[in-house]
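Q: Got a structure for you, questions after.
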Amino acid sequence: MGGYGDVQMIDENGIRVDGRTAGDIRPVEIRAGVIPVADGSAEVIWGTNHVIAAVYGPMEAHPRKIQKQDRAVLDVRYNMAPFSTTDRMRPGFNRRSREISKVTAEALETVVLTELYPRSKIRVEIEVLTAEAGTRCAGITAASVALADAGIPMTDMVISVASGKINGIVVCDLNKEEDNYGEADLPMGICANSGDLVFLQMDGDLSPEEFQQAWDYNMESIGPVHELMIEALEKANGGES
Amino acid sequence: MAAPPVPELLRAHLTELAKNDERLDGRGRFEGREVQIETGVLPRAEGSARVVMGDTIVLAGVKFQIMTPYPDRPTSGGFMTSAEVRPVSGVHWEAGPPSPAAIELGRVVDRGIRESGCLDMSDLCILPGEKAWQVILDVFALSDDGNLFDAFATAAMAALRTAIIPGERFDVGEDRPLPVTKKPMMCSYHRVGGRFVYDAVRREEIGGAERIHITLGDDDHVHSLQKGLKGAFTADEFAEIMDHARQRCAELRNMIE
């Protein structure tokens, strides 16, 4: 976390730099079926974040050593396009993208009924086209819609959102400026129906009360996003989801 | 009839169609798919475009960096093209370092732009011998249903023509448009069912043979050629597609600002 505490990011009325109040998320748009050649796909525009997810499979898993005898493996790749950031991002995997790919795969494996497809592989490709802050959350959300769009059986949909702290105040869904000056970040992946958590990270400094507030903001944010996911899937799949 | 999935059968099917001068999607031999070009689609890029040709969708983004000029050309900036065909764009594209196919794509697109001289490298000099702009063009496939070459080249030109040199952000003068004086355009042809067709879809690429890429500048000057994959063609065949390329490149050029 940057921790430049002297920069005022929230005014005396509790209004943030982009006009939101503490508990508001950025404007969200979701579309499904955006990549014609994929088995399933989705686009999430979350504030300025623009993330695309494509799903291919289930298909034969190769090399054979990656196969699981009792279930499918989720082969998840999170990647930032070279033009997604202010300074050009050099192509290729780095430690950050590998870690995000790993925790995203583990989150999604929890809801996908992988045991229906033993020895196979489901490819989930997440591409960040424009990054603002919270790309891993937008990526998990997009992947969830893409899996559903591909007709992969799942027990639940995962929505991911992060809350954090700026100027000592807990706020939901930090944008880039807030993230740069933020003092904490708590991204969570929450199942829409069960409310279970399948993804959790945190860095920074939160008191027990602040932590609870951040947790609650995240839990309260997912409902409206879940509705957008369902609308997108219904639109892309002719009224049925 | 749907195209057969087995390559041998697909080839036979394409040959059968070619006998009646037909194609998989009902297009004429030299008829391209509808091309949609949209610019300004990537807020973090200094110039950008999305090109949609049927089910093929690509993006191009232009970024700038400050470089030290090469010792033998102290008053010149630089230009670099990088093509990424990430596995998001099709089941046949795999993860890992750029494949030879992706590298060829980037290099052919790069040559057409570079050799046309549409970018004035000396205009990119900031301080001779010390500082110059490097223009980095990233072309990125989102959905590959064939002919990424032309989609990339078209998106590249549209993105470059709208690029703004970010002088203020790098503290080296004012923001200004990147001068791009010409519009080199690419047309690609694949041998499908024994004869060349323009703007092949993915299944025509799979069931086809060699391909030829032609980049023509303003006034029909030739700036880059590439023959790819196994196969031989005659001088007459080349003359025929070159004729078509002249006409089609002019049409594409008019679609770009």
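Q: Residue by residue through the range B:184-189, which ³J(HN,Hα) values in whole Hz follow from phi under the Karplus form 6.51 cos²θ - 1.76 cosθ + 1.60 (θ = phi - 60°), with glycine and proline marked x?
A: Whole-Hz 3J(HN,Hα) from phi for the range B:184-189: x, 10, 10, 10, 10, 10.
Q: Could you derive backbone 3J(HN,Hα) for the range A:33-42 from the dihedral phi with the Karplus parameters 6.51, -1.76 and 1.60 (θ = phi - 60°), listing whole Hz in sequence and x where the residue is Gly or Pro?
A: So the Karplus estimates, Gly and Pro as x, are x, 8, 10, x, 7, 8, 6, x, 7, 7 Hz.
Q: Here's a follow-up. Mind checking which aspartates and glutamates have their C-alpha under 19 Å from A:Lys176, skipping anything on the same chain fewer than 8 residues away?
A: A:Asp6, A:Asp11, A:Asp18, A:Asp24, A:Glu29, A:Asp87, A:Glu127, A:Glu132, A:Asp185, A:Asp203, A:Asp205, B:Glu46
Q: Excluding same-chain residues fewer than 8 positions from B:Lys182, which aspartates and glutamates have a Cα within less than 12 Å of its Cα?
A: The qualifying aspartates and glutamates are B:Glu115, B:Asp120, B:Asp218, B:Asp219, B:Asp220, B:Glu257.
Q: How long, wide and thick is the range B:191-253, going by the Cα atoms along their three principal axes, in whole angstroms, largest first?
A: Largest first, the range B:191-253 extends 34, 23, 16 Å along its Cα principal axes.
Q: Per residue, what volume in Å³ does the Cα convex hull of the range A:137-238 take up?
A: 95 Å³
Q: To continue, here is another question. Could you tell me the largest-minus-smallest coordinate of the C-alpha atoms of the range B:129-257 on each of the three principal axes, in descending order and whole angstroms?
A: 57, 32, 31
Q: Which of the lysines could a cross-linker span from B:Lys19 if the Cα-Cα distance has to be under 24 Å and same-chain partners fewer than 8 positions apart are dropped?
A: Within the straight-line limit of under 24 Å, B:Lys19 reaches these lysines: B:Lys230.
Q: How big is the Rg/Rh ratio for the protein assembly as shown, C-alpha atoms only, Rh by Kirkwood, two decimals?
A: Expressed as Rg/Rh, it is 1.00.
Q: Another one. For chain A, what D do you get in µm² per second when you plug the Kirkwood radius from alpha-carbon pairs into Stokes-Einstein at 25 °C and 0.890 mPa s?
A: Taking Rh from Cα pairs, D becomes 134 µm²/s.
Q: For chain B, I need the span (max minus min coordinate) of the C-alpha atoms along each principal axis, in Å, sorted largest to smallest.
A: That gives 62, 37, 31 Å along the principal axes, largest extent first.
Q: Same structure, new question: How much mean residue ellipticity at 222 nm does chain A get from its helices, if each DSSP H run of length 4 or more adds -39500 (n - 2.57) and you divide by all residues, to the nearest 500 deg cm²/dmol?
A: -9500 deg cm²/dmol
Q: What is the antiparallel percent of DSSP beta bridges lying wholly in the protein assembly as shown, to the nearest 5?
A: Antiparallel bridges make up about 85 percent of those DSSP assigns within the protein assembly as shown.
Q: In the structure shown, do any of A:Lys121/A:Lys235; A:Lys165/B:Lys63; B:Lys63/B:Lys183 have a Cα-Cα gap over 24 Å, and if so which?
A: The answer is A:Lys121/A:Lys235; A:Lys165/B:Lys63.
Q: Give me, ordered by chain and number, the residues 5 or more places off B:Gly207 or on other chains with an amide H under 5 Å from its own placed amide H.
A: The list, which skips near neighbours in sequence, is empty: none.
Q: Report the relative contact order of chain A, percent, no decimals, based on alpha-carbon pairs under 8 angstrom and at least 6 residues apart.
A: Relative contact order comes out at 24 percent.
Q: While we're on this one: Got a sec? How would B:Ile66, A:Ile166 order by Cβ neighbour count within 10 Å, fewest to most?
A: B:Ile66, A:Ile166
Q: Moving on. Kindly provide the helix-only [θ] at 222 nm of chain B, computed as the sum of -39,500 (n - 2.57) over DSSP H runs of four or more divided by all residues, to the nearest 500 deg cm²/dmol?
A: Only helices count here, giving -9000 deg cm²/dmol.
Each value in this text was obtained by applying a stated rule to the coordinates, not by laboratory testing. Note that the structure is a prediction, hence the values are computed from the model and not measured. Methodologically, a virtual Cβ is constructed for each residue, glycine included, from the backbone with ideal geometry; neighbour enumeration extends over all protein chains shown.
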